[in-house]
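Beneath this line is the structure, given in structure tokens, with notes to follow.
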Amino acid sequence: MTAQLPWRALLVLSGAAFATVTAELLPASLLLRIGHDLHVSAATAGGLVAAWALTIAATSVPLTRLTARVPRRVLIPAVLLVIAGATAGTALAPSYGWALAGRTVAAAGHGLFWSLLVPTVATLVAPGSIGRAVSVVLAGPAVAGIVGIPLGATAGAALGWRACFVVLAVLLALAALVIRALRLPEAPQPAARSRGDGTALWTVLGVALAAGLVLTGHFLLYTYVAPLLQDFGGYDAPTSGVLLFVFGAAGVLGTALAGRLSDRFPRQALGWVSVAFAAGAGSLVLLDRGVAAAAVVIAGWGVLIGVLPPVYQTHLLRIAPPGREATASAIGITVLNLGIAAGALLGGVVLQRWQAAALPAVAAVVIAVAAAGLVAAELRGRRAVPAAPRRP
């Protein structure tokens with residue numbers, strides 16, 4: 001019989017995750033307005049996006065280890081309040097430098113929040129339901145991509161970018177208060193280091209790097225999805241918008257499917273999803289075969305990127321040494337952000353040298369290399385996920 005999930009707590013955490021991811025992505029849809037208001041170019045304003053990813057990559061693991069003994073029922077609301085304050089500070093910034101400082105502080109808080117999120121979810125449910133619980137919480141960020149960001153762009157046009165950031169700061173502060181009222185259960189305190197912890201964390205790092213390579217392939221495509229659809233596919237802006245909506249909706253569906261897949265096949269799920277992702281990326285060579293074909297391959301790609309993050313983060317949680325789950329999660333968040341940066345850089349090189357038509361093939365090769373490593377590691381049993389997942 002399937003265990004009942006603690007829906008109230010999971011939905012509150014999902015809402016908080018929605019707000020933090022909206023804070024992460026919102027500037028991308030408002031760059032022109034931000035740049036004009038702060039008297040900098042759009043390219044300079046783009047530094048607000050780049051600084052976010054770099055800050056997370058640099059601070060997630062150190063901050064997670066530094067705060068390891070702070071009770072999570074205190075730490076998580078406090079971190080959300082820091083992000084809220086920094087977001088409000090960005091809204092009030094008199095210059096680009098102040099805005100960049102606010103974004104940097106918010107990014108550090110975001111990285112710490114996400115390092116704690118999945119391990120905290122695991123304390124709320126039975127071991128066999130961790131995958132489903134994680135997929136519920138990660139539905140919030142998936143919805144942010146298809147609702148929160150377009151809504152923010154629309155509100156930015158009507159009210160201005162500063163008002164959008166103020167509203168977001170208020171939402172983050174409310175999320176902090178509600179989570180504080182939940183009285184989350186405490187995670188086990190880190191035990192004294194054992195001889196096997198170092199080996200286990202190296203295994204976590206290896207899996208994270210392989211999954212990060214899958215994400216590199218994804219962001220190689222996603223960063224340049226506009227030229228992929230318009231230059232290669234030949235679709236106009238309205239049709240491209242419809243296809244991107246299909247992508248986002250399929251992502252939400254993938255997130256919903258991820259939990260049962262992860263719980264039923266804890267050893268194999270990540271490798272299988274990566275193999276499917278390589279095939280899905282390669283299938284995008286069919287984008288120029290008409291709208292129907294494009295919708296099918298775009299939907300497949302969307303489902304896979306919806307499935308991957310919950311499966312990936314749950315897998316890291318299950319192979320982490322006892323008491324080091326937050327550190328493992330921080331490693332995963334760090335690698336994810338490095339994958340975003342690497343995908344954008346590699347995609348730019350591909351676009352410049354071979355144009356948009358080459359993006360699917362290159363992405364498929366990159367992802368296939370990672371998938372082969374993950375499947376081979378699972379077959380060899382290198383720190384394979386236990387058949388009966390343990391509770392952190």
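Okay, here's what the table says:
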read-out: Lone unmet requirement of (1) more than 17 Å from residue 138 (Cβ to Cβ); (2) touching a residue at least 12 places away in the same chain (Cβ under 8 Å); (3) surrounded by 15 or more Cβ atoms within 10 Å (Cβ to Cβ) for residue 248; value: (1)
read-out: Residues (within 13 Å of residue 294 (Cβ to Cβ) and not hydroxyl-bearing (Ser, Thr, Tyr)) located in the range 221-240; value: 225, 228, 229, 230, 232, 233, 234, 236
read-out: Subset tally (residues that are in contact with an Asp or Glu (Cβ under 9 Å, 6 or more places away or on another chain) and hydrophobic (A, V, I, L, M, F, W, C)) for the range 199-243; value: 1
read-out: Scope the range 66-85; condition of a type outside the set (S, T, N, Q) and in a loop (DSSP other than H, G, I, E, B); matching residues; value: 68, 69, 70, 71
read-out: Pick from the range 315-344, criterion modelled with pLDDT under 80 and more than 30 Å from residue 132 (Cβ to Cβ), ranking: surrounded by the fewest Cβ atoms within 10 Å (Cβ to Cβ); value: 341
read-out: Sole residue being within 21 Å of residue 123 (Cβ to Cβ), surrounded by 23 or more Cβ atoms within 10 Å (Cβ to Cβ) and in the same structural domain as residue 102 (by TED's automatic domain parsing), chosen from 16, 68; value: 16
read-out: Test: residue 101 is modelled with pLDDT of 85 or more and under 21 Å from the mean Cα position of the chain (by Cα); value: no
read-out: So residue 242, is it at pLDDT 85 or above, surrounded by fewer than 21 Cβ atoms within 10 Å (Cβ to Cβ) and not charged (D, E, K, R); value: no
read-out: Residues (surrounded by 24 or more Cβ atoms within 10 Å (Cβ to Cβ) and of a type in the set (A, V, I, L, M, F, W, C)) located in the range 19-29; value: 19, 23, 26
read-out: Where a residue in the range 94-105 is in a loop (DSSP other than H, G, I, E, B) and its partner, wherever it lies, is among the acidic types (Asp, Glu), with Cβ under 8 Å and at least six apart; value: none
read-out: Matching option when the condition is closer than 30 Å to residue 256 by Cβ, modelled with pLDDT of 95 or more and in the same structural domain as residue 167 (by TED's automatic domain parsing), among 75, 116, 80; value: 80
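Listed here are the residues, each with its yes/no results for (1) in contact with a Lys or Arg (Cβ under 6 Å, 6 or more places away or on another chain); (2) surrounded by 21 or more Cβ atoms within 10 Å (Cβ to Cβ); (3) part of a helix (DSSP H, G or I); (4) touching a residue at least 24 places away in the same chain (Cβ under 8 Å).
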position: 295; (1), (2), (3), (4): no, no, yes, yes
position: 301; (1), (2), (3), (4): no, yes, yes, yes
position: 309; (1), (2), (3), (4): no, yes, yes, yes
position: 346; (1), (2), (3), (4): no, no, yes, yes
position: 349; (1), (2), (3), (4): no, no, yes, no
position: 361; (1), (2), (3), (4): no, no, yes, yes
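The rows are residues; the columns are (1) surrounded by fewer than 16 Cβ atoms within 10 Å (Cβ to Cβ); (2) without any contact (Cβ under 8 Å) to a residue 60 or more places away in the chain; (3) of a type in the set (Phe, Trp, Tyr); (4) not assigned by TED's automatic domain parsing to the domain that holds residue 28.
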residue	(1), (2), (3), (4)
44	yes, yes, no, no
49	no, yes, no, no
53	no, no, no, no
57	no, no, no, no
61	no, no, no, no
86	no, yes, no, no
90	no, no, no, no
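The values are calculated or read from the model by the stated rules, or taken from the named source; none is laboratory data. These numbers come from a predicted model, not from an experiment. Every residue, glycine among them, receives a Cβ derived from its backbone with ideal geometry; neighbour counts consider all protein chains shown.
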